[in-house]
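Colleague: Take this structure, written in structure tokens, and hold onto it; I'll ask about it next.
Every number here is computed from the coordinates shown, using simple stated rules; none is lab data. All of these numbers come straight from a predicted model, not from anything done at the bench. Ideal geometry is used to build each Cβ from the backbone, glycine not excepted, and the neighbour counts take in all protein chains shown.
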């Protein structure tokens, strides 16, 4: 797949920012740098770069763009007959959206009976907006990596460069991310936001406190 001049320039910007700052630019920063009217245009070019094999995006992380030539590989869950060896990739908000911490935090060996379907990675919950679903601050939630979800499922979603866990509600003209705690307000996804499903919630473990 041949890159356009704009996509080559975006790739150069990503490379320069990673080299200079150690982190890639956000999609909002890319949109501003190239004069796009919104993040949708930046998202289109980033997806084209990903399809061309120039970059990859790491699920569950803010500023998730990685150059393919980078030596750091995303950890993969190792599934045995009864046990899962899962990477803890960062934090996810059960409150207002927050950026997920970059990088591998830990590897955890867990009984697969806790999860259905088998997760690809774990995220640590911050906040109590999903309290009435039994998802509490400090829990480790399993995430099954997928871009597809149905209305009524609990999902891990990316809004711009932030990650959150919420109940997905898809209406005729709107997408809402609902908390399961009356103290928190729903999140309404607006058309100008970069929104994507990162995965499905598939169970949790509660570390000793």
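Colleague: Out of [x] 0.98; [y] 0.92; [z] 1.05, which label holds the value of Rg/Rh (Cα atoms, Kirkwood Rh) that was computed here?
Modeller: [x]
Colleague: How much length, in nm to one decimal, is gained on full extension between residue 20 and residue 146, taken as 0.36 nm per residue of separation minus their Cα-Cα distance?
Modeller: 42.2 nm
Colleague: Here's a follow-up. Just to confirm the number: angle between the C-alpha axis of helix 39-51 and the first principal axis of the chain, 0 to 90 degrees, nearest 10?
Modeller: That helix lies at roughly 90 degrees to the long axis.
Colleague: Quick one: angle between helix 5-21 and the longest Cα principal axis of the chain, in degrees between 0 and 90, rounded to 10, please.
Modeller: So the helix axis and the longest Cα principal axis differ by about 60 degrees.
Colleague: Kindly put 141, 18 in sequence by how many other C-beta atoms sit within 10 Å of each C-beta, fewest to most.
Modeller: Fewest to most other Cβ atoms nearby, the residues stand as 18, 141.
Colleague: Among 45, 137, which comes first, then next, by fewest other beta-carbon atoms within 10 Å?
Modeller: Ranking 45, 137 by Cβ neighbours within 10 Å, fewest first, gives 137, 45.
Colleague: Work out Dmax and Rg for segment 5-57 from the C-alpha atoms and quote the Rg first, both in angstrom.
Modeller: 10.2, 27
Colleague: Given points 7 Å out from each Cα along the Cα-Cβ axis, report the residue 68 to residue 190 separation in nanometres with one decimal.
Modeller: For residue 68 paired with residue 190, the spin-label model returns 3.5 nm.
Colleague: Sticking with this one: What is the gain in length, in nm to one decimal, between residue 6 and residue 52 on full extension, counting 0.36 nm per residue of separation less the C-alpha to C-alpha distance?
Modeller: Extra length available between residue 6 and residue 52 comes to 15.2 nm.
Colleague: What list do you get for 58, 189 if you sort them by fewest beta carbons within 10 Å?
Modeller: 189, 58
Colleague: Within segment 107-133, what residues put their amide N at less than 20 Å from the label point 7 Å along the Cα-to-Cβ vector of residue 206?
Modeller: In segment 107-133, the label zone of residue 206 (backbone N under 20 Å from the point 7 Å along Cα→Cβ) covers 109-116, 122-133.
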